[in-house]
Amino acid sequence: MVRLKKRYLIPSFLLLIVLLFSSFGWWYWQSLKQELDLTVDWRGMSIGFNGLCFDELTLSKQSQLKITGKNLKFSWSNLSATDLEIYWQANQSKIDTDSLPIDDKSHTEQSDSPFSNFASFYTWLPKLIHIDSIRFYQQHNELIDIKINVEKQLDSLQLRASFNKNYSGELSANLLLNRAESRVDITTAEFNTILNQADIKNAKITVLFNGWLKHDRLSLNVSNSTINAEQVSISPNLMLANLNGTLNFAMQSKIPVTIENVIIDGRFNIQNLDGIYDNVEIKSASSGGQLLVKDNKFLIETFNTRIRNVNVGILFENVKFAGEYLASFNAISKGKLSWHRFESTLFSGKILVNNSTINFNKLKQSIKVYLKAIQLKDILTTYPVEGLNGEGSIDGMLPIKITQISTANNNRYNVSIENGELATTASGYLAFNNSALQDYAKNNPNMQLVTNVLQNFEYTKLAASVNYADEIANLAINIQGKNPKIKKGKAVNLNINLQENIVKLLMSLQLSDHISEPIRQRIEAHLKKESFK
């Protein structure tokens, strides 16, 4: 009988310890549930030597938060589940901060309370956590589906997470319980993902970061983060290709993290980027700059943007730009664009724009574009006219006005030119030998004289006034010079008026060039639409 009592003494003692710990755990859970105002429901609960099991367990906090776990298993050393669904409903109620008591001591105690709860919760976490699928929902829309593994160590958690669907990515981080600062430190964190979807092709993103999290604030430092993508379609009108960039930034935010609470100070660098915006094709753009986000506004500043060429039908080469764009997130397209450098090569000459600012929230506005040493022979090569050749160097100034036109669907910008000026800087020549013009001049003596003069015309002055509106350009050209073989080189003064639909002209030039297929399709669709008007 004595031996029988000794035989069951140790198991009974162990069972007593388990019951005491279980009772304490249950008491702690009840107090935590009451403090956080949680509601708990479960289905299919069982208790065994392997721990506590639930077929389904649901935690909810009024209408704001709901967590549902399936096939949950709890033990002293392990927690596992096949599915965990987290529904978050943003709280629309606003707190009147003016009515809150200002008491530093009470504020400090309230600030420490959430961390104390987390520290206590951390103490009761099992050593290993494995969940096959965690799905986050906001307003009943699924945001993300991930798989996680957590290993608990002394005052730290080793976190590993990966996407289950839609994306291919992994997150690893060390979460350190910083009791001295009442916060959770995030160290040696790394995020990698590969995206290959309809709008994103062969994109690889790597983010290295660290930081910390308190009950009311988040701080992150992101360093040496890279993105490489074959193609990214941002909108129907904007597509990027060969995207290679790096990003470094520091972020601070109150909790909850919203664009109003976020402060970001970052640096970016982009290399050899190609792109298409509407009918404009960009090749090999590189830029370095700064990104600032604060008070629901953002500032993008570029120090030295260089673009190999911009094709709008005519080719702008070696574009150089330095400036900034400031706007609110509530009206991204209504910001201010400022620059202190804007130049490009055009027809072997230069196009320059002086320091300027365009406020897209207060149009109309004007800027002055200056042309330097534009070569006439390059213009005639790009825009050929049968039998016409010539040489000369042209300077000019084009006052461009930008206005906004509001429509039922969207807002668009209208560009016009009033009294622009073009003029040659030295003498040159024109040679115009056009068979159609000669046939027309056979029965018109005055026109026959003009035709003969222009076959070898040495000009001393070539000037033009330029006006542009509603896609139509009007050029009033004045040419002064002579043909040495006509009337002993008598001086001739010619006035010519030209009118051209610039939009259609540029589109036709693009179609005759080697352009990207998306631009070709847009141009053909536009021309087809115009033909039915």
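The values are calculated or read from the model by the stated rules, or taken from the named source; none is laboratory data. All values derive from a computational prediction rather than experimental measurement. Positions of Cβ are backbone-derived with ideal geometry, glycine not excepted, and every protein chain shown enters the neighbour counts. When the accessible area is computed, the model is the full protein with side chains, heavy atoms only, and any ligands, DNA or RNA have been set aside. Shrake-Rupley method; radii C 1.70, N 1.55, O 1.52, S 1.80 Å.
Among the candidates ALA525, ALA464, which residue alone is buried (at least 16 other Cβ atoms within 10 Å of the Cβ) and either of a type in the set (A, V, I, L, M) or modelled with pLDDT of 90 or more (or both)?
Testing whether each residue is buried (at least 16 other Cβ atoms within 10 Å of the Cβ) and either of a type in the set (A, V, I, L, M) or modelled with pLDDT of 90 or more (or both) leaves just ALA464.
Inspect the stretch 188-197 for any residue being part of a strand (DSSP E or B), hydroxyl-bearing (Ser, Thr, Tyr), open to solvent by 40 Å² or more (accessible area, probe 1.4 Å) and modelled with pLDDT under 95 and give the result as yes or no.
Yes, the stretch 188-197 has at least one match.
Tell me which of these LEU238 doesn't satisfy, since it passes every other one: (1) buried (at least 16 other Cβ atoms within 10 Å of the Cβ); (2) under 30 Å from ILE502 (Cβ atoms); (3) not polar (S, T, N, Q).
Failed condition: (1).
Does ILE200 satisfy the criteria of being over 24 Å from TRP88 (Cβ atoms), touching a Gly at 6+ places or on another chain (Cβ under 9 Å) and either of a type in the set (Ser, Thr, Tyr) or surrounded by 15 or more Cβ atoms within 10 Å (Cβ to Cβ) (or both)?
no
Go through (1) among the hydrophobic types (A, V, I, L, M, F, W, C); (2) crowded, with 16+ Cβ neighbours inside 10 Å; (3) not in a strand (DSSP E or B) one by one and return the number of the condition ILE264 breaks.
Going through the list (1) among the hydrophobic types (A, V, I, L, M, F, W, C); (2) crowded, with 16+ Cβ neighbours inside 10 Å; (3) not in a strand (DSSP E or B), ILE264 breaks only (3).
Which ones in the stretch 315-332 are open to solvent by less than 70 Å² (accessible area, probe 1.4 Å), closer than 21 Å to ILE259 by Cα and either touching a residue at least 60 places away in the same chain (Cβ under 8 Å) or of a type in the set (Phe, Trp, Tyr) (or both)?
TYR325
Let me spell it out: the conditions are (1) modelled with pLDDT of 70 or more; (2) open to solvent by 80 Å² or more (accessible area, probe 1.4 Å), and ILE144 meets all of them except one. Which number is the exception?
Status for ILE144: all satisfied but (2).
Every residue in the stretch 40-49 that is open to solvent by 70 Å² or more (accessible area, probe 1.4 Å) and either at pLDDT 75 or above or within 47 Å of the chain's Cα centre (by Cα) (or both), please.
If the condition is that a residue be open to solvent by 70 Å² or more (accessible area, probe 1.4 Å) and either at pLDDT 75 or above or within 47 Å of the chain's Cα centre (by Cα) (or both), then ASP41, TRP42, ARG43, MET45, ILE47 are the ones that fit.
Considering only residues of the stretch 251-261 that are open to solvent by 40 Å² or more (accessible area, probe 1.4 Å) and in a strand (DSSP E or B), which is modelled with the highest pLDDT?
Only one residue tops the list, namely GLN252.
Residues to consider are ARG308, ARG341; find the one that is without any contact (Cβ under 8 Å) to a residue 24 or more places away in the chain and open to solvent by 40 Å² or more (accessible area, probe 1.4 Å).
ARG341
Between a first residue in the stretch 58-76 that is at positive phi and a second residue that is surrounded by fewer than 17 Cβ atoms within 10 Å (Cβ to Cβ) and assigned to a strand (DSSP E or B), which pairs have beta carbons less than 7 Å apart while being 6 or more apart in sequence or on different chains?
The qualifying pairs are ASN71/ASP55.
Write out, first by first residue and then by second, each pair whose Cβ atoms fall under 6 Å of each other, whose residues are 6+ apart or on separate chains, and whose first residue, in the stretch 198-209, is under 19 Å from SER223 (Cα atoms) while the second is open to solvent by 80 Å² or more (accessible area, probe 1.4 Å).
Listed by first residue and then by second, the contacts come to LYS204/ILE194; LEU208/ASN224.
Return yes when SER156 is surrounded by 16 or more Cβ atoms within 10 Å (Cβ to Cβ), of a type in the set (S, T, N, Q), touching a residue at least 40 places away in the same chain (Cβ under 8 Å) and farther than 30 Å from GLY245 by Cβ and no when it is not.
no
Any residue at all in the stretch 495-507 that is within 44 Å of the chain's Cα centre (by Cα), open to solvent by less than 80 Å² (accessible area, probe 1.4 Å), under 29 Å from MET239 (Cα atoms) and of a type in the set (D, E, K, R)?
No.
If I ask for residues that are part of a strand (DSSP E or B) and open to solvent by 50 Å² or more (accessible area, probe 1.4 Å), which ones from the stretch 376-394 would you list?
ASN389, GLU391
Return the only residue of ASN419, ASN446 being open to solvent by 90 Å² or more (accessible area, probe 1.4 Å) and under 16 Å from ASN493 (Cα atoms).
Among ASN419, ASN446, only ASN446 is open to solvent by 90 Å² or more (accessible area, probe 1.4 Å) and under 16 Å from ASN493 (Cα atoms).
Please determine, by comparing only the residues of the stretch 50-67 that are under 17 Å from LEU125 (Cβ atoms) and under 43 Å from the mean Cα position of the chain (by Cα), which one is modelled with the lowest pLDDT.
Filtering the stretch 50-67 for residues that are under 17 Å from LEU125 (Cβ atoms) and under 43 Å from the mean Cα position of the chain (by Cα), the one modelled with the lowest pLDDT comes out as LEU59.
Count, please, the residues in the stretch 170-197 that happen to be polar (S, T, N, Q) and touching a residue at least 60 places away in the same chain (Cβ under 8 Å).
Residues meeting the conditions: 1.
Does the stretch 351-366 include one or more residues that are basic (Lys, Arg) and surrounded by fewer than 15 Cβ atoms within 10 Å (Cβ to Cβ)?
Yes, some residue in the stretch 351-366 is basic (Lys, Arg) and surrounded by fewer than 15 Cβ atoms within 10 Å (Cβ to Cβ).
Out of the residues in the stretch 346-375 meeting the condition of being outside any strand (DSSP E or B) and without any contact (Cβ under 8 Å) to a residue 40 or more places away in the chain, tell me which one is nearest to the chain's Cα centre (by Cα).
Going through the qualifying residues, I end up with ASN361.
Need the failing condition index for GLY275 against (1) open to solvent by less than 30 Å² (accessible area, probe 1.4 Å); (2) outside any strand (DSSP E or B); (3) in contact with a strand residue (DSSP E or B) (Cβ under 8 Å, 6 or more places away or on another chain), just the number.
It fails just one condition, (2).
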